[in-house]
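Colleague: Quick one: structure below, then a few questions.
Any read-out appearing in this document is the output of simple, stated calculations on the displayed coordinates, not a laboratory observation. Remember, predicted model here, so these are calculated numbers, not experimental data.
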Amino acid sequence: MERVPLFIVGPCSLESREVVMEVAGFASELFGGLDGIAEWVFKGSFLKDNRTSPAGYRGPGLEDGLRLLEEVSDSFGARTLTDIHSSEQAGLAGGRVDVLQVPAFLCRQTSLLEAAGASGTVVNIKKGQFMSPGNMKGSVEKVRSSGCREVWLTERGTFFGYGDLVVDLRSLSVMRDLADRVILDVTHSLQLPGAAGESSGGRSGLAPALARAGAAWGVDGLFIEAHPNPSEALSDAATMVDLPTLGMMVRESLDHWAGT
């Protein structure tokens, strides 16, 4: 059976129950009307370890964060994704979410990749901003070596000098030969790393266009971070989109999806 487009959506961090449940509820209603046309996974980070400043918000912590994700799963029947930063976290989170994500800056860490692969979940590896798409082969092999049966790769931009990222859509085709699914991280690809001094800047206004481009290219899925009030978000405020924009992006992307 042919797979339908996948959307990974949610706030950057699991900053509060109110934000988490509002975004999850919106997504559940949105994708409930697209049954058989699209599938979705709810994402949220219990720990944001890669911060520009030591003052940056880091999240609720592992246990509180995992409980929030379990509540989303129980309330909305959603699959869930969270990122991990250590082998220990892979073991603790693996049985409580559906997808473990390896952050971009950790995409070569052998012990972490092997632990994620042994967790029994799907593993999504973010391509490092410093990595060529072909060089992600080794990362995938490390995850598979531990018995993982489904590995995703996510493009999230490549360094373009200092303080900027650019997306080379050709990488999506290269990585398709390496992984079970290839995802385009729309919102993180629009970051301006460190541009705001103690936090990263971004160009969230370009998110709809980049999502359409990825869909037209024929990517397997889109990763879009959303928040009820992005300007008030505790992390990645400059790149997240609001909920009406998320809904518009999903529908527009489906209209442009190659092969659908």
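Colleague: Once you have the Cα-Cα distance between Asp242 and Glu29, take 0.36 nm times their residue separation minus that, and quote the gain in nm to one decimal.
Modeller: Taking 0.36 nm per residue and subtracting the Cα distance, the gain is 75.1 nm.
Colleague: If you restrict to DSSP beta bridges whose two residues both lie in the chain, what percentage is antiparallel, to the nearest 5?
Modeller: Values: 4 of 36 bridges.
Around 10 percent antiparallel, to the nearest 5.
Colleague: When averaged across all projection directions, what area in nm² does the alpha-carbon convex hull of the range 6-256 cover? Show your work: numbers first, answer last.
Modeller: Working: hull surface 46.9 nm².
Computing the convex hull of the Cα atoms and averaging its projections yields 11.7 nm².
Colleague: Helix-only estimate, please: 222 nm mean residue ellipticity of the chain, summing -39500 (n - 2.57) across DSSP H runs of length 4 or more and dividing by its residues, to the nearest 500. All intermediate terms of the calculation are to be shown ahead of the outcome.
Modeller: Numbers: 8 runs with 87 residues, N = 260.
Using -39500 (n - 2.57) per qualifying helix, the result is -10000 deg cm²/dmol.
Colleague: Report, to two decimal places, the Cα Rg of the range 136-260 normalised by 2.2 N^0.38 Å (N = number of residues).
Modeller: Working: Rg = 15.3 Å, N = 125, 2.2 N^0.38 = 13.8 Å.
Working it through for the range 136-260, the quotient is 1.11.
Colleague: Another question, then. With both partners inside the range 74-222, how many of the DSSP beta bridges are antiparallel, as a percent to the nearest 5? Working shown, then result.
Modeller: Values: 4 of 21 bridges.
Looking only at bridges with both residues in the range 74-222, the antiparallel portion is about 20 percent.
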